[in-house]
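Worksheet: the structure to be examined is printed underneath.
No value in this document is a laboratory result; all are computed from the given coordinates. None of the values given here were measured: they were computed from a predicted structure. Don't worry about glycine lacking a Cβ; one is built from the backbone with ideal geometry, like all the others, and counts go over all protein chains shown.
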Amino acid sequence: MKQSQMSGKVGLSETIAIDEKVKKLRAEGRRVISFGAGQPDAPTPPEVCEAGIAAIRGGATKYTSPGGCLELRQAICEKLERDNGLSYRPEQIVVSAGAKQAIFMALAVIVDPGEDVLLPAPYWVSYPTQISILGGNPRVIPTDERTGFKITAEQLRASITPNTACLILNSPSNPTGAVYSREELEAIGEVVLESGIQVVTDEIYERIVFGDSAHVSLASLSPALQKKTAVVNGVSKAYSMTGWRIGYFAAEPEWAERATALQSHLSGNPCSVSQEAAIEALRRGDASVREMVSVFGRRREQLLDLLRPAERLSLCPPDGAFYAFPDVSGYFGRSTGGTVLEDDLALAGYLIEEAGVALVPGSGFGSPKHMRLSFAASDREIEEGVRSMVAALGKLA
Ligand code: PMP
Ligand code: GLU
């Protein structure tokens, strides 16, 4: 079969691939505990589900405006004002099939083939692929534990060239859990304004922060930064609505207008029923969000405690999102039954076979020394799975 050059370069999303592998093993009757899936385990709040059911019964089953129905875009404006102190009009909002598509639509408007997109690593798996699909070049800015996996303003300044189209900034971060402070963002914001680059901020984990960490939206720091930024968010993580596929971005009217025009030729519009459910999610109280975050906080502690005995593993504790991203390179080169585990992929394979636990290898996130564990799993799964994983690591010679 003839394949386009672009499609030939795109493999299945590394996070989704792990989930698919777990599904396959389970279908074969294997018991596997998954720390792969990046989605809250709680059900979607019942009132939100009811709003979806009412939407079907009430006939909200037809095409909507391509960038999302007006009432949802209004509810998103209210949310951005209430939670982030950001003023937008509904024509500045584009609703897409999940934050994943919203990021792509925002990038599609501003990235030309051959241009560079700055990407702090470790990064979420879909960013470099989306940039490549557009013909752009992902330009990685490496970070590690020494700066809490965050880029500095100096690093950003040194990475910008006349060929830079934009920066993608994800805080709280998937996979590292890093959360940028207001001061760090102010320093980054200065570089953004002096260079004139644009920014796509992925804020999908904004509600999931621990301890003293607080989410700050870069765009909220000044009207000038707001103009330069597309703020991406959605209902997937905060309201446990990953399957409903509703995300959005907010930006300058022209940016939103261009993306809406593109989307009108791609997906047409986001799912009408899901849009009605998302209105309910955004307008109702935040009780379910607070409860979910307190559960994640507890599981985070549980996970950190259980990982402590793994001597060759080191972990920078996450300040947000629901992922731990330990450095597992201390186990590379160790062996099991004569087979040497050379890298993160081999180690992930060993942990599925030996311990029955699925993790996502770090290479997909641009960081092959690490592996990602989602703690959006039940307390029991965390207890059993992490013990089993630590025991398996201890057996490596
Ligand atoms: N950004 C990040 C950092 C993510 O982890 C995810 C994964 N859910 C998304 C965007 C996409 O979210 P959605 O499910 O709304 O498409
Ligand atoms: N974002 C989640 C993750 O990183 C869900 C899977 C995906 O969309 O990549 O695991």
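Annotations for the structure displayed:
- Angle in degrees between helix 287-307 and the longest Cα principal axis of the chain, rounded to the nearest 10: 30
- Shape box of region 76-206 [Cα atoms, principal axes, largest first, Å]: 36, 33, 29
- Per-residue packing, averaged as other Cβ atoms within 10 Å, sorts the ranges 288-297, 302-311, 214-223 into the order 214-223, 288-297, 302-311, beginning with the highest.
- All Cα-Cα separations within the chain were binned at 10 Å from zero, giving a P(r) of 5, 23, 32, 26, 12, 2, 0, each value a whole percent of the pairs.
- Principal-axis analysis of the Cα atoms of the chain puts helix 379-394 at an angle of about 50° to the longest axis.
- Linear extension gain, Asp112 paired with Ala158, 0.36 nm per residue minus alpha-carbon span: 14.4 nm
- Region 92-141 shape via C-alpha gyration tensor axes, a/c threshold 1.5: oblate
- Taking a ≥ b ≥ c as the square roots of the eigenvalues of the alpha carbon gyration tensor, region 169-273 is oblate, as a/c is not under 1.5 and a/b does not beat b/c.
- Within the shell defined by Cβ-Cβ distances under 12 Å, the residues around Pro46 carry a net charge of -2, with Lys and Arg each +1 and Asp and Glu each -1.
- Rounded tilt (10° steps) of 70-84 against the dominant C-alpha axis of the chain: 60
- Hz values of 3J(HN,Hα) by residue in region 92-98 - Karplus curve (6.51, -1.76, 1.60), Gly and Pro given as x: 9, 10, 10, 9, 10, 6, x
- Close amide-amide hydrogen proximity is noted between Asn170 and Asp202, each under 5 Å apart and 5 or more residues distant or on a separate chain (H modeled in the peptide plane; Pro and chain starts excluded).
- Net charge of Cβ neighbours under 14 Å - reference Ile160; Lys, Arg +1; Asp, Glu -1: -2
- Cα gyration tensor shape for region 259-367, rounded if a/c is under 1.5, else prolate or oblate: oblate
- Cα centroid separation, region 347-397 to region 233-274: 33 Å.
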